[in-house]
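Let me begin by presenting the structure, written as structure tokens, before commenting on it.
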């Protein structure tokens with residue numbers, strides 16, 4: 001039975017790789033290999049390359065200076081933080097909010113089997129995020145270090161222990177979120193606020209850490225670190241990774257013991273959490289007069305409520321909008337920094353580049369907002385409701401697109417305006433940048449809907465499958481990045497020959513035409529597809 005549940009969980013997580021969601025049929029082996037290879041190239045290759053470069057930068061000077069333990073401590077810390085932020089809300093959603101929890105609990109299946117299968121799903125997500133740091137960390141250590149049995153064994157053991165620790169922390173924090181959510185009146189917004197505060201703290205610590213590391217590497221040959229107090233515990237972790245057998249044993253025993261303790265706690269509380277549907281907060285009835293809405297407004301309000309009622313959907317799909325606002329505020333305050341950085345790199349040659357360069361940069365940021373891409377799939381088995389409402393499918397799709405634009409267009413234009421002010425752009429640049437940015441964001445929202453109509457997944461058991469792991473979301477994001485990159489490259493290499501204003505105008509024509517064509521497709525063929533799903 002456990003083997004069957006594990007297979008089910010694995011297929012749910014990787015459903016897009018093995019099943020053609022449009023046809024509902026299993027993919028061929030070639031198709032599966034192509035999908036997996038593409039995903040590995042986009043995710044593991046890109047991020048793995050970044051952490052390989054970081055490992056290469058740190059390993060050489062630190063190992064040569066005898067700071068092996070500190071090298072491991074830094075890289076393990078990055079792996080743990082990345083793993084937690086990549087999986088904590090997935091664990092909350094996939095373990096406690098799966099739609100098939102009630103079905104599985106009603107069957108003669110031991111609750112421990114169900115929980116173990118869910119844990120393995122979370123562990124696979126942990127591996128995806130932690131191994132892209134741990135593998136480069138280990139390989140670079142073997143390259144720069146004179147190898148022995150213990151120096152080879154140490155990083156392998158600690159890498160496994162680290163993935164176990166990340167599983168403990170992510171499921172533990174997911175358990176805390178689940179417990180708190182049963183007491184909260186507005187679970188989604190509270191969960192999202194906590195996550196955003198954590199992400200903000202992460203980036204604050206990250207940028208501070210970069211400065212400290214750079215200063216450390218510049219003075220590493222003359223530095224000495226006194227290992228006392230609490231530093232001894234951290235030193236033991238780094239020492240275990242570098243091959244100290246006693247530290248390796250102690251660290252392994254401690255973390256495995258903690259893992260067992262967390263597993264026992266989850267085992268005792270799992271069924272209570274997944275069967276608790278409401279919070280303790282009571283709502284006082286207040287009589288109010290209902291305000292009538294038009295069909296389009298009612299559909300839009302429905303989409304907004306769907307987005308804000310799900311922390312998984314809201315956090316993963318609209319985090320890019322919050323980041324754009326944060327960057328815009330930074331540019332308003334530190335606009336001279338952006339000005340100096342760009343002019344210092346390109347000189348006066350940047351002037352004709354500005355319109356397409358700024359619009360492309362905003363397009364890179366707006367491509368991370370994925371509200372429209374999973375919106376059709378999120379209807380799930382309730383899709384029949386919108387299909388039977390006295391509204392057209394075209395109106396439903398327009399509401400989904402407008403919901404995307406409502407949360408994306410404002411932050412995108414704010415970021416564009418802050419950039420234009422920082423560069424003291426002229427009137428023509430202002431018009432071109434704002435128009436091109438608007439056209440680009442509209443096209444990205446339409447493209448997300450297009451992909452989701454072509455590749456819908458209406459049989460999901462938890463929202464994470466369509467919000468974070470669907471092929472429509474992945475292609476929409478990378479497609480937006482590719483288009484924005486083309487605009488930026490054209491600004492760098494063609495603006496001098498073509499003219500910056502003319503180049504931006506040509507991009508407006510191209511992207512505007514694509515947006516109009518895709519809008520017409522959504523209104524006709526797209527609405528027909530939605531009606532047939």
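Laboratory data are not the source of any read-out in this text; all were calculated from the coordinates shown. Everything quoted here is computed from the prediction, not taken from an experiment. No Cβ is skipped: glycine too gets one built from the backbone with ideal geometry, and neighbour counts run over all protein chains shown.
How many nm separate the modelled label positions at residue 103 and residue 493, each set 7 Å beyond the Cα in the direction of the Cβ?
Label-label distance for residue 103 and residue 493, simple model: 5.1 nm.
Please arrange 362, 34 by how many other C-beta atoms lie within 10 Å of their C-beta, fewest to most.
Fewest-to-most ranking of 362, 34: 34, 362.
Using the C-alpha atoms of region 434-525, what convex hull volume per residue, in cubic angstrom, is computed?
Here the figure is 96 Å³ per residue.
Compute the distribution of all C-alpha to C-alpha distances in region 403-468, in bins of 5 Å from 0, and list the percent of pairs in each, rounded to whole numbers.
Cα pair-distance distribution for region 403-468, in percent: 3, 15, 19, 16, 14, 11, 8, 6, 5, 2, 0.
Want the number for residue 151 to residue 30: 0.36 nm per residue separation, take away the alpha-carbon distance, what's left?
Here the segment from residue 151 to residue 30 would lengthen by 39.6 nm.
May I ask you to compute the full-extension gain from residue 520 to residue 260, defined as 0.36 nm times their residue separation minus their alpha-carbon distance, rounded to one decimal in nm?
Stretched fully, the residue 520-residue 260 segment lengthens by 88.0 nm.
May I ask you to compute the full-extension gain from residue 269 to residue 232, defined as 0.36 nm times their residue separation minus their alpha-carbon distance, rounded to one decimal in nm? Don't skip to the end; give the middle numbers.
Values: separation 37, 0.36 × 37 = 13.32 nm, distance 3.49 nm.
Answer, rounded to one decimal: 9.8 nm.
Taking the Cα-to-Cβ direction at residue 291 and at residue 424 and moving 7 Å from each Cα, how far apart do the two end points lie in nm?
Inter-label distance under the simple model: 4.5 nm.
Could you work out how far apart the two model spin labels at residue 332 and residue 385 are, taking each label as a point 7 Å from the Cα in the direction of the beta carbon, and quote it in nm?
Each label point lies 7 Å from its Cα, and together they span 3.7 nm.
Return the FRET efficiency for the residue pair residue 392, residue 6: r is the Cβ-Cβ distance, R0 is 35 Å, and the value is rounded to the nearest 0.05. Before the final figure, lay out the partial values.
Values: r = 44 Å, r/R0 = 1.25.
About 0.20, to the nearest 0.05.
At a Förster radius of 35 Å, what calculated FRET efficiency corresponds to the Cβ-Cβ distance of residue 349 and residue 143, to the nearest 0.05?
Between residue 349 and residue 143 the formula returns 0.30.
Can you give me the P(r) profile for region 295-532? Cα pairs, bins 10 angstrom wide beginning at 0, each as a whole percent.
Bins of 10 Å from zero give 8, 32, 32, 18, 8, 1 percent of pairs.
Arranged by the count of other C-beta atoms within 10 angstrom, fewest first, what order do 517, 401 take?
Listing 517, 401 from fewest to most nearby Cβ atoms yields 517, 401.
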